[in-house]
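J.: The structure is given below, and queries will be raised subsequently.
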Amino acid sequence: MNGDTLTVIDSRTGKEAILPIITGTDGPPVVDIAKLSKELGLFTLDPGFRSTASCRSRITFIDGDKGVLLYRGYPIDQLAEKSSFVEVCYLLKNGELPTKEQYTKYEKIVTEHTMVHEQLLNSFKGYRRDAHPMAIMVGVVGALSAFYHDSLDIHNPRHREVSSFRLIAKIPTIAAASYKYSVGQPFVYPKNDLSYTENFLRMLFKVPSQRFKMSPVLIRAMDQILILHADHEQNASTSTVRLAGSSQANPFAAISAGIGALWGPAHGGANEAVLNMLDEIGDVSNVGEFVKRAKDPKDPFRLMGFGHRVYKNYDPRAKVLKQACHDVLSELGQHDDPKFKLALALEKIATEDEYFVEKKLYPNVDFYSGIIQSAIGIPTNMFTVIFAVARTIGWITQWDEMIEGGEAIGRPRQLYTGEGFRDYVHISQRE
Ligand code: SDX
């Protein structure tokens, strides 16, 4: 509990530092190491931040051993079952579930910000048609800062609120446009009498030549995907947003940096990588060979959609998505979908294999999300874009918490292992 301390003694000098141990609401306590450099002249080294807490936060809590994920204290399985993505956006940003009146007002503001500047749409023309939609997202979201000079003062809470609404509201419009551009179809404008998620799916799939119609089961599944991906404490992309934002860069630039970090296959790019991996495996008979490769330390191949830095138990989001997969495939009459059957077989074999059991590698959020999106008709290269649509509320909420907390610029140090001091040698003297 607070008041506890950790004493460290430097064996080289016998000097000691007494470090405070700080306990939060839940989860492992932390050691405040500020005194280490001041009193002992020591830094800590923790590449990958496996044992490092980067901040205090009140937004999301994960217990990796118990497979628990809470948004502002509410468990993810209850929110996925009973809430909506827009309500979860309100909860994450404001800390409480909205009253009916608060929800109606919040939803109205989001709905009225869904359009983007025509010049922003024109900027898409600078990309090749076969550009990966994530490449477009990184560029176009960053470019939003070229359009909103009226809300770039990050120290002004009203500016931060307006920027948050603009990002939450416009990210689906930009995401859908990045897809339309890549398939050579006209952009579809938002339709304000639709819900957030139905509006997004309509902008993705509507073509001028026919009416848009989608089963409520599929719309609900997409809404659940957005809820499940909304925030996840200090993951790589959120930490990127916090670090970029700590330099006092504007929120659009910080979110663009987060999109770039999310793109990696070790992070948000895993859902796309899962589908590519399932295509490569092709048939259940080949699963053994791929599991063998995943276990070989000399082979860089990893079983995509498995493992997690924090979850050493089943990712609670994967549990919800596995059920949603069943529901969507049944709704579409595709419960015999070969990819889903292959995924179920791969999950069974992997989770019974001693390597995976010993290393506590379970399916994570990305393992099933791609299969659902594929069934809905979303192309593989859009999966991470959809992850970015969902995570924007998490990023902007974490960014706002950091700015409100007045945190200093993030500037880690290093252990230098390079050359010692040496004088310049003229080229004529070099052999
Ligand atoms: C997301 O951080 C977040 O919260 C992210 C995220 C979010 O919502 O923001 O949850 C979203 O990014 C989910 C993860 C999606 N990525 C993948 O599915 C890619 C495949 N997974 C791996 O690349 C890996 O599991 C990571 C990147 C997710 C985690 O990497 P770590 O932290 O290095 O994994 P670890 O320390 O728990 O690994 C323990 C051991 C290691 O072997 P040893 O060094 O002990 O010999 O297990 C091995 C790893 O090499 N291992 C795997 C593996 N994942 C870890 N071996 C085979 N296949 C895998 N998938």
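J.: So residue 333 passes all but one of these: (1) without any contact (Cβ under 8 Å) to a residue 12 or more places away in the chain; (2) within 16 Å of the ligand (Cβ to nearest atom). Which condition number does it fail?
T.: With respect to (1) without any contact (Cβ under 8 Å) to a residue 12 or more places away in the chain; (2) within 16 Å of the ligand (Cβ to nearest atom), residue 333 is out only on (2).
J.: Could you please tell me which pairs satisfy a Cβ distance under 7 Å, a separation of 6+ or placement on different chains, a first residue in the stretch 103-126 that is farther than 15 Å from residue 189 by Cα, and a second residue that is of a type in the set (Asp, Glu)?
T.: 103/87
J.: Check off (1) open to solvent by less than 10 Å² (accessible area, probe 1.4 Å); (2) among the small types (Gly, Ala, Ser); (3) within 15 Å of the ligand (Cβ to nearest atom) for residue 245 and give me the number that stays unchecked.
T.: (3)
J.: Collect the residues in the stretch 346-374 that are more than 12 Å from the ligand (Cβ to nearest atom) and among the basic types (Lys, Arg), keeping them in residue-number order.
T.: Within the stretch 346-374, just 348 meets the criteria.
J.: Given the conditions (1) more than 23 Å from residue 203 (Cβ to Cβ); (2) at pLDDT below 95, report the number of the one that residue 148 does not fulfil.
T.: For residue 148, the exception is condition (1).
J.: So residue 394 passes all but one of these: (1) farther than 30 Å from residue 144 by Cα; (2) outside any loop (DSSP other than H, G, I, E, B). Which condition number does it fail?
T.: (1)
J.: Let me ask you something else. Quick one: in the stretch 250-277, which of the residues that are open to solvent by less than 30 Å² (accessible area, probe 1.4 Å) and under 21 Å from residue 152 (Cα atoms) is nearest to the ligand (Cβ to nearest atom)?
T.: Across the stretch 250-277, the extreme among qualifying residues is 258.
J.: Give me the pairs, please: first residue somewhere in the stretch 296-314 and over 18 Å from residue 354 (Cα atoms), second residue anywhere and more than 6 Å from the ligand (Cβ to nearest atom) and part of a loop (DSSP other than H, G, I, E, B), beta-carbon distance under 9 Å, and either six or more positions apart or on two chains.
T.: The qualifying pairs are 309/50; 309/64; 310/64; 310/233.
J.: Could you name every one of the strands (runs of 3 or more DSSP E) located completely within the stretch 1-117 that has at least 3 residues being more than 16 Å from the ligand (Cβ to nearest atom)?
T.: Result: 5-9, 16-22.
J.: Can you tell me which residues in the stretch 350-374 are open to solvent by 10 Å² or more (accessible area, probe 1.4 Å) and either over 22 Å from residue 77 (Cβ atoms) or part of a loop (DSSP other than H, G, I, E, B) (or both)?
T.: 352, 353, 354, 355, 357, 358, 359, 360, 361, 362, 364, 374
J.: Let me ask something else about it. Of the conditions (1) closer than 21 Å to residue 233 by Cα; (2) surrounded by 13 or more Cβ atoms within 10 Å (Cβ to Cβ); (3) at pLDDT 95 or above, residue 67 fails just one. Which one is it?
T.: (3)
J.: Quick check on the stretch 294-318: of everything there that is basic (Lys, Arg) and closer than 19 Å to residue 278 by Cα, which residue is least open to solvent (accessible area, probe 1.4 Å)?
T.: Among those that are basic (Lys, Arg) and closer than 19 Å to residue 278 by Cα, it is 295.
J.: So, one more: Restricting to the stretch 375-431, what's the tally of residues that are away from the ligand (no atom under 16 Å from the Cβ), open to solvent by 20 Å² or more (accessible area, probe 1.4 Å) and β-branched (Val, Ile, Thr)?
T.: Final tally of qualifying residues: 5.
J.: Let me ask another. What single numbered condition from (1) within 12 Å of the ligand (Cβ to nearest atom); (2) modelled with pLDDT of 90 or more; (3) of a type outside the set (A, V, I, L, M, F, W, C) fails to hold for residue 289?
T.: Only one criterion in (1) within 12 Å of the ligand (Cβ to nearest atom); (2) modelled with pLDDT of 90 or more; (3) of a type outside the set (A, V, I, L, M, F, W, C) is unmet by residue 289, namely (1).
The values are calculated or read from the model by the stated rules, or taken from the named source; none is laboratory data. It should be emphasised that the depicted structure is a prediction, and the values quoted were computed from it without experimental measurement. Here Cβ is always computed from backbone atoms with ideal geometry, including for glycine, and neighbour counts include all displayed protein chains. Remember, those area values only see protein heavy atoms, side chains included, never the ligands or the DNA or RNA. Shrake-Rupley method; radii C 1.70, N 1.55, O 1.52, S 1.80 Å.
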